[in-house]
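Here is the structure we will look at.
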Amino acid sequence: LENMAHPGAGIERWRDQEISHINHVLTSSDTLRSEDCARVIEGLDDIRVRDTVLWDLAQPDVDSHTVSASLAQVVRTAPEGRVAPAATTLAIQQWTAGDGARANVALDRALADNPDYSLAGLVETSLHSGLPPATWRDLMRSMPRETCRHGQNAPSTVVVDSPPVGVESPPLAR
């Protein structure tokens, strides 16, 4: 009955559960089970889940080495056609940790899997243009988490009048 009154409630509840689970799996030093990898792959296919996880991973208390190791395992287990979201997330983690070479390898993997995956193209352009990794972290941290979770029209979204100098403020990539 609750889902009939609020048709989107089921998907929103699923997204919240997936975000929580993915964040736990990626930041834990535990060995990933195949079920965990499959769930991360499925969750990152959803743009709202992916963008919120990216926001969470951009926060200062995240151990990027643990996250990168976990994401690398997820990418290795991802079936063809489902690699791009996890590989792009891995690329962003590696880029923001200062490892541009490995970020490029992950981007190559993402774009080989899906040449039209726009977030991978955006990150690739950022890397090849020499954009400092801190730019990604600063942009993500300046954006309310709710914008990533619910989109630009989220009720609690705060509009930033001007982005940092030299940076355009594009909408979240799909």
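The values are calculated or read from the model by the stated rules, or taken from the named source; none is laboratory data. Given the structure is predicted, the values throughout are model-derived calculations rather than measurements. FYI the Cβ positions are ideal-geometry reconstructions off the backbone, even for glycines, and counts take in every protein chain you see. Ligands, DNA and RNA are excluded from the accessible area calculation, which covers all protein heavy atoms including side chains. Shrake-Rupley method; radii C 1.70, N 1.55, O 1.52, S 1.80 Å.
Please determine whether any residue of the stretch 49-61 is buried (at least 21 other Cβ atoms within 10 Å of the Cβ), closer than 22 Å to Arg15 by Cβ and over 12 Å from the mean Cα position of the chain (by Cα). No, the stretch 49-61 contains no residue that is buried (at least 21 other Cβ atoms within 10 Å of the Cβ), closer than 22 Å to Arg15 by Cβ and over 12 Å from the mean Cα position of the chain (by Cα).
Is it true that Asp36 is in contact with a helix residue (DSSP H, G or I) (Cβ under 9 Å, 6 or more places away or on another chain), open to solvent by 40 Å² or more (accessible area, probe 1.4 Å) and either among the aliphatic types (A, V, I, L, M) or at pLDDT 95 or above (or both)?
Answer is no for this residue.
For beta carbons closer than 9 Å, sequence separation of 6+ or different chains, a first residue in the stretch 94-106 that is within 14 Å of Ala72 (Cα to Cα) and a second that is β-branched (Val, Ile, Thr) and surrounded by fewer than 21 Cβ atoms within 10 Å (Cβ to Cβ), the qualifying pairs are Gln94/Val105.
Taken residue by residue, the stretch 103-111 has no member that is assigned to a loop (DSSP other than H, G, I, E, B), touching a Pro at 6+ places or on another chain (Cβ under 9 Å) and at pLDDT 95 or above. The helices (runs of 4 or more DSSP H) found entirely in the stretch 5-82 that carry 2 or more residues being charged (D, E, K, R) and over 22 Å from Ser118 (Cα atoms) are 9-27, 34-44.
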